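Just below is one structure, and these are the notes that go with it.
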Amino acid sequence: MAKKYIFITGGVVSSLGKGITSASLAYLLMSHGLSVSIVKIDPYLNVDPGTMNPYQHGEVYVLDDGAETDLDLGHYERFTNLTLSRKNNFTTGQVYFTVISKERNGDYLGKTVQIIPHITNEIKKRIKEAGKGKDVLIVEIGGTIGDIEGLPFLEAIRQMGYNEKRENCLYVHLTLVPYIKTAGELKTKPTQHSVKELQSIGISPDIIVCRSERRISNELKEKIAMFCNVEKEAVISALDVDTVYEIPLAFKKEGFDRLVIEKLSLDVKKEPNLSDWQDMVNAIKNPKDKVKIAFVGKYVGLKESYKSLIESFVHSGADLDLKVELKWIESEELEGENYKDLLKDVDGILVPGGFGSRGIEGKLNAIKYARENSIPFLGICLGMQTAVVEFARHVAGLNNAHSEEFDKDTEYKVIHLARKWEKEGEIVTRDETTQKGGTMRLGSYPCIIEKGTLAYKIYKKEKIDERHRHRYEFNNQYRDVFKKAGLVISGVSPDNEFVEIVELENHPFFIGVQFHPEFKSRPLKPHPVIRMFVEKSYETRRIKA
């Protein structure tokens, strides 16, 4: 178990930024030399977000071990550079599934199974496992105070204050202090009510983080402190900022990290040096130039569906001293004859991952435009697969080519369902009846890169590891046909069974990757594929100018 625990809850409204707050605090504590980990608890009944509509839940973030998790895990990894595992995210569904399975197995010896103690004990057990060997474990409780589904988790963390001794547990509550324009003032009453709700279940916050669009005065801090029973110094202002990467710096100025260290009596190893982080923030806020990328997606109505990709462009832009302007294009909009008009002002074209046949023809048009007009192109997952289909139809002469996922009767299934699948060291043979659920290639897998290719120029090494989340694969039956037509297969699995990277010669930059590079991009270490895509898009723009 961890030596110390920090529990972060949210009140008033959802989407206040508990994940960013948790990640920022973790980054600051790690900069003091402490070993830190984070766990996100999601109150929904789904076992994981893997089957949830992106419009409802946003991005599904995939970890090295194949866990499909909440997008906050992406914030955690980006801010801390930690490699997390499935222990760092669990849901109500997982907890209840485990407890019910134990009951069916007779583990409770005939006892009446109840929320307390069985569910709460399982929650505490999972929290402790996530914190093993760490100085500090930060626990983010999803949802908002007052949500009925979150009550078992709040009860569990209340009990931990008793079980692990109160001096080893810190409760941080994030609330909204809204600005009422007509009154011309910030209002503290929602915060007071939120804290009162938390206190009613036995948790008194030690620190209150106040999210607001205006500066919180000392007078307001004193008022919140008095009515919420905390010291004035324990009221932390969290103002809206231009970029989320400013938040650790803002918290540092507020003394958030020092307050936590004092309250938990942490033995810090050093004072933080945040100069590299500050330089990165300065580059984001004051770029020297800009580049425009067409983002041809299926879920552009909810930008959170592509959170990691958006952040990866921020990372690459900062490293190149550029602002990456994303032109959001719903792929269905490109299915008409005017698709060229929508793409004529962009410097690069990105086709990201996705599921389902909607908008595929629009993606194919975008890829055709990039290929024919020497526009830098990056295809990710489904984007790579549609690039293969486009090449098959218009270059390789396979006119009726398609993906088996969208057309089972297509003449040329250039993308198909692999019949053999390696999972956790075993070869699994699948049939047509077992394609839904649990059959995706998830997590980090190795890839061997061919020397002399664009991929090798990007990575500068022969072996890489990247994270996957897909079900369909490049059909090896057509490898020779594609090679003769000019499609370069530059990355494959170690056993040569799966095609991981394809590219075109005699093009400024045209590459498709079966994996998701955005999951491994970091603020101070942009992903090389995305960075070079941005760089080449900018070079092409300058040539056109």
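May I ask for the net charge around K451, where only other residues with Cβ less than 12 Å from the Cβ of K451 are counted and Lys, Arg are +1 while Asp, Glu are -1?
Taking every Cβ under 12 Å from that of K451, the sum is +2.
Divide by every residue of the chain the summed helix terms, -39500 (n - 2.57) for each DSSP H run of at least 4, and state the resulting mean residue ellipticity at 222 nm, rounded to the nearest 500 deg cm²/dmol.
For the chain, the value works out to -10500 deg cm²/dmol.
With charges only on Cβ, +1 for K and R and -1 for D and E, what is the dipole size of the stretch 195-347 about its Cα centre, in debye, rounded to 20? Provide the component values of the computation, followed by the final result.
Working: 24 positive and 31 negative charges, 92 e Å.
Dipole magnitude for the stretch 195-347 comes out near 440 debye.
Ranked by Cβ crowding within 10 angstrom, fewest neighbours first, how are S22, S15 ordered?
On the way: S22 25, S15 11.
In order of increasing Cβ crowding within 10 Å: S15, S22.
Within 12 Å, Cβ to Cβ, of D72, how many net charges do the neighbouring residues add up to if Lys/Arg are +1 and Asp/Glu are -1?
Working: positive: K18, K40, R78, K307; negative: D42, E59, D70, E77, E140, E304.
My count for the surroundings of D72 gives -2.
Answer with one residue from Q385, L504, F295: the one whose Cα lies farthest towards the positive end of the charge dipole of the chain, charges on Cβ with Lys, Arg +1 and Asp, Glu -1.
After comparing all options, I get F295.
Compute the distance from the alpha-carbon center of the stretch 173-191 to that of the stretch 2-18, in whole Å.
About 19 Å separates the Cα centre of the stretch 173-191 from the one of the stretch 2-18.
Applying a 10 Å radius around every beta-carbon, put 474-484, 39-49, 384-394 in order of their mean neighbour count, most first.
384-394, 39-49, 474-484
For F355, F533, what's the fewest-to-most ordering of other Cβ within 10 Å of each Cβ?
F355, F533
Based on DSSP, what percent of beta bridges with both residues in the stretch 4-279 are antiparallel, to the nearest 5?
10 percent
Rounded to the nearest 5, what is the percent of antiparallel bridges among the DSSP beta bridges in the chain?
Roughly 35 percent of the beta bridges in the chain run antiparallel, per DSSP.
With charges set only on the Cβ (+1 for Lys and Arg, -1 for Asp and Glu), what does the dipole of the chain come to about its Cα centre, in debye to the nearest 20?
On the way: 78 positive and 79 negative charges, 193 e Å.
Using Cβ point charges on Lys, Arg, Asp and Glu, the chain gives about 920 debye.
Efficiency by 1/(1 + (r/R0)^6): what FRET value for D409 and D65, r their Cβ-Cβ distance, R0 = 30 Å, to the nearest 0.05?
Numbers: r = 37 Å, r/R0 = 1.24.
Once rounded, the FRET efficiency stands at 0.20.
Hey, with R₀ at 45 Å, roughly what FRET efficiency would K181 and K132 work out to, going by the Cβ-Cβ distance, to 0.05?
It comes out at approximately 0.40.
Order these peptides, 344-354, 76-86, by their mean beta-carbon neighbour count within 10 angstrom, highest first.
Descending packing order for the listed peptides: 344-354, 76-86.
Distance in nm between label sites at K189 and T439, each 7 Å beyond Cα in the beta-carbon direction?
The modelled label-to-label distance comes out at 5.6 nm.
What label, among [x] 41; [y] 65; [z] 46, belongs to percent of Cα pairs over 33 Å apart computed from the structure on display?
Checking each listed value against the structure points to [z].
Quick query: amide H of A418 versus all other amide H atoms, modeled in the peptide plane; which residues come in under 5 Å with a sequence gap of 5 or more or a different chain?
Correct list: E473.
Per q in 0.15, 0.25, 0.26, 0.28 1/Å, what log10 I(q)/I(0) does a Debye calculation on the alpha-carbon atoms of the stretch 286-359 return?
Log-scaled intensity ratios, in q order: -0.53, -1.19, -1.24, -1.33.
Charges only on Cβ, +1 for Lys and Arg, -1 for Asp and Glu: so what's the dipole of the stretch 287-544 about the Cα centre, in debye to the nearest 20?
That gives the stretch 287-544 a dipole magnitude of about 720 debye.
Work from the charge dipole of the stretch 4-279 (Cβ charges, +1 for Lys and Arg, -1 for Asp and Glu, about the Cα centre) and give the residue of L264, Q278, L28 farthest towards its positive end.
L264
Which whole DSSP H helices in the chain pass both tests: a Cα extent of 27 Å or more along the axis and a mean Kyte-Doolittle value no lower than 1.6?
Flagged H segments: there are none.
In what sequence, highest mean first, do 89-97, 399-407 appear when ranked by Cβ atoms within 10 angstrom?
For the peptides 89-97, 399-407, the packing ranking is 89-97, 399-407.
Where does the charge balance sit around E262 when Lys and Arg score +1, Asp and Glu -1, over other residues with C-beta under 13 Å from its C-beta?
Here the charged neighbours net out to -3.
Order by neighbour count: W277, W328, fewest other Cβ atoms within 10 Å first, most last.
The fewest-first ordering by Cβ neighbours comes to W328, W277.
Put +1 on the Cβ of each Lys and Arg and -1 on the Cβ of each Asp and Glu in the stretch 287-544; which of N475, F313, F355 then has its Cα farthest toward the positive end of the dipole?
Of the listed residues, the answer is F313.
Need the full-extension length gain, K288 to L239, defined as separation in residues times 0.36 nm minus the C-alpha distance. One decimal, nm. Walk me through the numbers before you get to the answer.
Working: separation 49, 0.36 × 49 = 17.64 nm, distance 2.61 nm.
Here the answer is 15.0 nm.
None of the figures in this text is laboratory data; all of them are computed from the coordinates on show. Quick caveat, the model's predicted, so the values are computed rather than measured. So basically every Cβ, Gly included, is an ideal-geometry build from the backbone, and we count neighbours across all protein chains shown.
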